[in-house]
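In what follows, a structure is listed as structure tokens, so that the remarks can point back to it.
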Amino acid sequence: MLHDVGKRHARLGVFGRVLASVLIALHLPLRGRFASYRDHGEIGARELEAEGVELMVVEFARHHHRARPTTIDADTWELLQRADQPPKTWARRRPRIS
């Protein structure tokens, strides 16, 4: 949860977050709130670091959309990445109708 703390600076609603995600995926240049949304990991990491949060939390915030930093071991990184995945909901597990 802490790794996305930087997203609050973008002040985007649902539509804005969707649009920002599309623009990011298309590698288009971003400014203002869209750039803040894209850079939320670094923004959040700086905030967490300033508050004295544990290094692993700061590094996960900074790198969670990038390659594993050397400060986090591979097993822990894998666990953190899995925890960051959206939950599987009933809507994704549709029952077979006979």
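Between the C-alpha center of region 60-83 and that of region 1-21 there is a gap of 20 Å. Here is the list for region 7-87: trypsin sites (Lys or Arg not before Pro) lying in DSSP coil, each with at most 12 other C-beta atoms within 10 angstrom of its C-beta, are Arg11, Arg31, Arg66. A straight chain from Gln81 to Glu49 at 0.36 nm per residue would run longer than the Cα-Cα distance by 9.5 nm.
Once you order the gyration tensor axes a ≥ b ≥ c over the Cα atoms, which shape class does region 2-86 get: rounded for a/c under 1.5, otherwise prolate or oblate by comparing a/b with b/c? Cα axes put region 2-86 in the prolate bin. Taking Asp75, Asp39, Asp84 as the candidate residues, the one with maximal mean-square fluctuation in a Gaussian network model of the chain, Cα springs under 10 Å, is Asp75. A dipole drawn for the chain from +1 and -1 charges on Cβ atoms has a positive end, and of Met56, Pro86, Ala74 the residue lying farthest that way is Pro86.
Give a quick list of GluC sites (Glu not before Pro) in region 44-82 that DSSP marks as loop, anything other than H, G, I, E or B, with at most 14 other Cβ atoms within 10 Å. Let's see the in-between values first.
Values: sites: Glu47, Glu49, Glu51, Glu54, Glu59, Glu78; in loops: Glu51, Glu54.
Of the GluC sites (Glu not before Pro), the ones in loops of region 44-82 whose Cβ has at most 14 other Cβ atoms within 10 Å are Glu51, Glu54.
Computed about its Cα centre, the charge dipole of region 2-86 is approximately 640 debye, with only Lys, Arg, Asp and Glu carrying charge at their Cβ.
Values quoted throughout were computed directly from the atomic coordinates according to the rules given, and no laboratory measurement underlies them. This structure is a prediction, so every number in the text was calculated from the model and none was measured. Ideal geometry is used to build each Cβ from the backbone, glycine not excepted, and the neighbour counts take in all protein chains shown.
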